[in-house]
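Q: Questions regarding the structure given below will be posed in turn.
The values are calculated or read from the model by the stated rules, or taken from the named source; none is laboratory data. What you see is a predicted model; the values in this text were computed from it and never measured. Here the Cβ positions follow ideal geometry from the backbone for every residue, glycine too, while neighbour counts run over all protein chains shown. Only protein heavy atoms, including side chains, enter the accessible area calculation; ligands, DNA and RNA are left aside. Shrake-Rupley method; radii C 1.70, N 1.55, O 1.52, S 1.80 Å.
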Amino acid sequence: MLKVINVAGARPNFMKVAPIVAAMNRRAGEFRQVLVHTGQHYDAAMSDAFFRDLEIPEPDIDLGVGSGSHAVQTAGVIQAFEPYVISEKPDWVLVVGDVNSTVACALVCAKLGVKVAHVEAGLRSRDRSMPEEINRVLTDQIADLLLTPSADANANLRTEGIPESKIRMVGNVMIDSLNANLARANQSTILKDLNLDGQDYATLTLHRPSNVDEQEALARILKALEQIARRIPIIFPAHPRTRKMIAEMGLAQRFEKVSGLTMIDPAGYLDFLKLMSSARLVLTDSGGIQEETTVLGIPCITLRENTERPITVEMGTNTIAGTDTEKIISAAERALAQPPDKSNLRIPPLWDGKSADRILDALSEPPAVAGG
Ligand code: UD1
């Protein structure tokens, strides 16, 4: 029997942790788990709704760390997590993704000599101005087991000198959640509620500091949205930090004035899955959404200069448009000019809904040098 602490911190962690928690409950003879929520995301829309939609059990421990500067938030998680690791004495701690909670909990384990496994290891944008890239590089350097979603991630880790024996390709665990919940998401009434049933529309998300904390980038994106919204209605579930920055920059009125652009509160998992899977087009700066649209066969325009998920461009439906107004508009026009067609859908290897079981298998048969 292996004792595992599963760590969940922020919104993009929850859809990765849910299938792992469910698989450990199914395989309760092999695994005993403790679920720790760091509290990095804490409000109803950013956290509670996801636990409910994804049927994740109540966390055993809530560290309640909350918002703050990167240093305050990361240090807060480190300080609050350490005593639990000492008292629980797990065989493994499992961290997912690239948020501040991920690197903070991995660091606690590395210092205590407790084995840590990183799910979604090896992704690289090579853009160190992004906080997530720092979190990825550091977490992978100190983790004992690197569970990757795709072959490019294995190659990145090899280049950084990580021994092959620590690396396992397990596929994309977020797709386990997607596959498991599509039918339920179809029951969502969000399109009816927004008067969009049966209509073409685009879904937009924006929250990266490089887009929403920089007035010029945000203004360039807004200019593109004004044009695109003339062709197709845009639904924009806005992250709290985005709403705050739009208000602080005095752009709230301009956003409100774009006819065809509807800003709504952040959507829960099932509502968002419905909004994404029925969209004609998705515009986003999220990482996970680039992967989900690839599996769903929905054209995705990424409002960033780079991606840590190149397979979504090579095999999938993703186009990297950056934040240049004209480039965004022409990418949207190209996507809208092509009739929707899912006949050529290409799904990356092991993005098959069975990654959680592969993760559990890898924990059961760890590499020879784990902990070394
Ligand atoms: C974090 C992750 C990012 C991920 C994103 C998804 C890091 C470095 N970044 O960024 O990788 O894509 O989550 O959402 O870990 N806030 C609330 N309620 C909440 C949480 C946050 O209102 O439940 C507000 C606070 O004002 C906070 C701001 O959002 O200051 C930013 O939250 P924070 O967790 O610091 O980073 P995110 O931008 O959400």
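Q: Out of (1) of a type in the set (S, T, N, Q); (2) within 22 Å of residue 179 (Cα to Cα); (3) open to solvent by 60 Å² or more (accessible area, probe 1.4 Å), what's the single condition that is false for residue 277?
A: Going through (1) of a type in the set (S, T, N, Q); (2) within 22 Å of residue 179 (Cα to Cα); (3) open to solvent by 60 Å² or more (accessible area, probe 1.4 Å) one by one, residue 277 breaks only (3).
Q: Might you check whether a residue that is open to solvent by 50 Å² or more (accessible area, probe 1.4 Å), under 22 Å from the mean Cα position of the chain (by Cα) and at pLDDT 95 or above occurs anywhere in region 227-237?
A: No, the conditions are met nowhere in region 227-237.
Q: Just checking, does region 22-43 include any residue being surrounded by fewer than 22 Cβ atoms within 10 Å (Cβ to Cβ) and within 11 Å of the ligand (Cβ to nearest atom)?
A: The answer is yes; a qualifying residue exists.
Q: Right, another one. Quick one: is residue 123 more than 16 Å from the ligand (Cβ to nearest atom), open to solvent by less than 10 Å² (accessible area, probe 1.4 Å) and farther than 17 Å from residue 362 by Cβ? Don't jump to the end; show me each part of the working.
A: On the way: more than 16 Å from the ligand (Cβ to nearest atom): no; open to solvent by less than 10 Å² (accessible area, probe 1.4 Å): yes; farther than 17 Å from residue 362 by Cβ: yes.
The answer is no for residue 123.
Q: If we keep just the residues of region 1-17 that are more than 16 Å from the ligand (Cβ to nearest atom) and over 16 Å from residue 65 (Cβ atoms), which is surrounded by the fewest Cβ atoms within 10 Å (Cβ to Cβ)?
A: Only one residue tops the list, namely 1.
Q: Considering only region 182-205, I want to know if a residue exists there that is touching a strand residue (DSSP E or B) at 6+ places or on another chain (Cβ under 9 Å), open to solvent by less than 10 Å² (accessible area, probe 1.4 Å) and closer than 26 Å to residue 137 by Cα.
A: no
Q: Sticking with this structure for a sec: Which one of 257, 244 is among the charged types (D, E, K, R), open to solvent by 60 Å² or more (accessible area, probe 1.4 Å) and closer than 23 Å to residue 41 by Cβ?
A: Testing whether each residue is among the charged types (D, E, K, R), open to solvent by 60 Å² or more (accessible area, probe 1.4 Å) and closer than 23 Å to residue 41 by Cβ leaves just 244.
Q: Can you tell me which residue in region 83-102 is nearest to the ligand (Cβ to nearest atom), limited to those that are within 28 Å of residue 124 (Cα to Cα) and not in a loop (DSSP other than H, G, I, E, B)?
A: In this case the residue turns out to be 100.
Q: Something else: Which residue is farthest from residue 98 (Cα to Cα), if the candidates are limited to region 19-46 and must be touching a strand residue (DSSP E or B) at 6+ places or on another chain (Cβ under 9 Å) and among the charged types (D, E, K, R)?
A: 30
Q: Among the candidates 53, 62, which residue alone is open to solvent by less than 60 Å² (accessible area, probe 1.4 Å), among the acidic types (Asp, Glu) and closer than 30 Å to residue 361 by Cβ? Let's see the steps before the verdict.
A: Numbers: 62 fails: open to solvent by less than 60 Å² (accessible area, probe 1.4 Å).
Going through 53, 62 in turn, the sole match is 53.
Q: Of all residues in region 200-238, which are away from the ligand (no atom under 15 Å from the Cβ), among the small types (Gly, Ala, Ser) and either part of a strand (DSSP E or B) or under 18 Å from residue 271 (Cβ atoms) (or both)?
A: Correct list: 202 only.
Q: Also: From the list 284, 294, 262, pick out the single residue that is within 16 Å of the ligand (Cβ to nearest atom) and of a type in the set (Val, Ile, Thr).
A: Just a single option satisfies the conditions, and that option is 284.
Q: Further question: Scan region 36-53 and report the pairs whose first residue is touching a residue at least 40 places away in the same chain (Cβ under 8 Å) and whose second residue is among the polar types (S, T, N, Q) and in a loop (DSSP other than H, G, I, E, B), with Cβ atoms within less than 9 Å and a gap of 6+ or a chain change.
A: Once the first residue is touching a residue at least 40 places away in the same chain (Cβ under 8 Å) and sits in region 36-53, its partners that are among the polar types (S, T, N, Q) and in a loop (DSSP other than H, G, I, E, B) give 40/67.
Q: Is it the case, given these coordinates, that residue 105 is part of a helix (DSSP H, G or I), over 14 Å from the mean Cα position of the chain (by Cα) and more than 16 Å from the ligand (Cβ to nearest atom)?
A: Details: part of a helix (DSSP H, G or I): yes; over 14 Å from the mean Cα position of the chain (by Cα): yes; more than 16 Å from the ligand (Cβ to nearest atom): no.
Judged against the criteria, residue 105 is not a match.
Q: Something else: Of all residues in region 44-59, which are more than 10 Å from residue 269 (Cα to Cα), near the ligand (Cβ under 10 Å from one of its atoms) and hydrophobic (A, V, I, L, M, F, W, C)?
A: The answer is 44, and nothing else.
Q: Within region 339-354, does at least one residue satisfy the condition of being more than 22 Å from residue 182 (Cβ to Cβ), small (Gly, Ala, Ser) and open to solvent by 60 Å² or more (accessible area, probe 1.4 Å)?
A: The answer is no, given that none of the residues of region 339-354 is more than 22 Å from residue 182 (Cβ to Cβ), small (Gly, Ala, Ser) and open to solvent by 60 Å² or more (accessible area, probe 1.4 Å).
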